[in-house]
1. Expected output is a single nm value to one decimal: the length gained when fully extending between Gln220 and Lys164, i.e. 0.36 nm times separation in residues minus the C-alpha distance. What is it?
2. At a 10 angstrom cut-off on C-beta neighbours, averaged per residue, how do the peptides 236-244, 105-113, 194-202 rank from highest to lowest?
3. How about Lys327: which lysines have a C-alpha closer than 30 Å to its C-alpha, ignoring those fewer than 8 places off in the same chain?
4. Karplus couplings for region 194-200 from phi (6.51 cos²θ - 1.76 cosθ + 1.60, θ = phi - 60°), rounded to Hz, Gly and Pro as x?
5. Assuming R0 = 22 Å, what is the FRET efficiency of Ala252 and Val78, from their Cβ-Cβ distance, to the nearest 0.05?
6. Please give the peptides 176-182, 315-321 ranked by average Cβ packing (other Cβ atoms within 10 Å per residue), highest first, as a rough proxy for protection.
7. Arrange Glu44, Glu333 by Cβ neighbour counts within 10 Å, fewest through most, would you?
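Throughout, read-outs are computed from the coordinates displayed, never taken from laboratory work. Every value quoted in this text rests on a predicted model; they were computed, and no experiment measured them. Cβ: placed from backbone, ideal geometry, glycine included. Neighbour counts: every protein chain shown.
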Amino acid sequence: MRRLLRLVCCAGLAFAEWPARTGEPPRLDEVLEVVRTHLAGGSEAELNAAAVNGLLEQLRPRVFLVTNIPPAAAEPPVLLARTNLFDGAIASLRVGRVAGGLAEAIRATLEAWGATTALQGLVLDLRFTEGDDFAAAGRVADLFLAESQGLLEWGDERFAATAKTNALPVRLAVLVNRETRGAAEALAAALHEVRAGLLLGSPTAGQAAVYREFPLSTGQRLKVAVAHVKVGPGGKILAFTGVTPDIQVDVALADERRYIEDPFYVAAPTGPRSSAASRAPRLTEADLVRIHREGLGPAGARPRREESPPAPRVTDPVLQRALDLLKGLAVLETREQ
């Protein structure tokens, strides 16, 4: 009897430990075999599609299935998609793609506007920007660093900043969002890691890695992250969760695309108030006679002298936050001198 009780107790302990031992997922081949054998109405094509989609979804963004449509003919990349000078003191550069020649284009643009020492700051806009040229990202970051230090490592390659006397002496704000990918992410992360600039916006896409494409029998290609990207002198590995900004400003992607095209964009008013406000008052014949006799304007008031229209106001929330930040830093540094 005692032996039987001991066996029951041992069995109870074993069953109590069962959930802990099954914390890990089952083997994929085992699950596929059970489902393939016993699922009612399931087809091999359905099972294959479910397995592939689940695998890709679980491993995103480290693994992608690339379409079998041949890529379009390569065109020269647009390095700087837009340039602005706000209040004559803060430059804004919207990067089209991180590629070779970007660093030279940035320096040439800033020098064309005059002495860079006169600028209160620079906004480097990397929203909706991508690229796979990590060396180009390193050369851009190198513009703002006077001392020699490690900047980027990707696979077996690396880029280090060089000691120089012509580093750009400008306060830097870097704008990022969920569509900032690849080398653009690495550039933002490198500038942040060496304390050369502040990041504003939303977390990036998490695709700063060295990818390699493998052909499949269907004609499609599997894009796999085969090496990490590291930033800064300490070689910090960039996670696949993306780069988190210092100041988070969440904006819907659809709205952000409009602001990218026009930082002064204002949505057209809708609703009954806007339509009522747009209606001009109806004038009678007596009103017209009085206006003509007294030299009044259409609304019954004497015409005013023409005034210059107010300067357009930046409505892009992320850009506006960056401009305010750079202006504030400039004021603080001036007071401390």
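1. Full-extension gain reported as 15.5 nm.
2. So the order, starting with the most tightly packed, is 194-202, 236-244, 105-113.
3. Cα-Cα hits under 30 Å: Lys164.
4. Coupling constants for region 194-200: 8, 6, 8, x, 9, 9, 10 Hz.
5. On the way: r = 24 Å, r/R0 = 1.11.
According to the calculation, E is roughly 0.35.
6. Details: 176-182: 24.1, 315-321: 20.1.
Final packing ranking: 176-182, 315-321.
7. Least crowded to most crowded, the residues run Glu44, Glu333.
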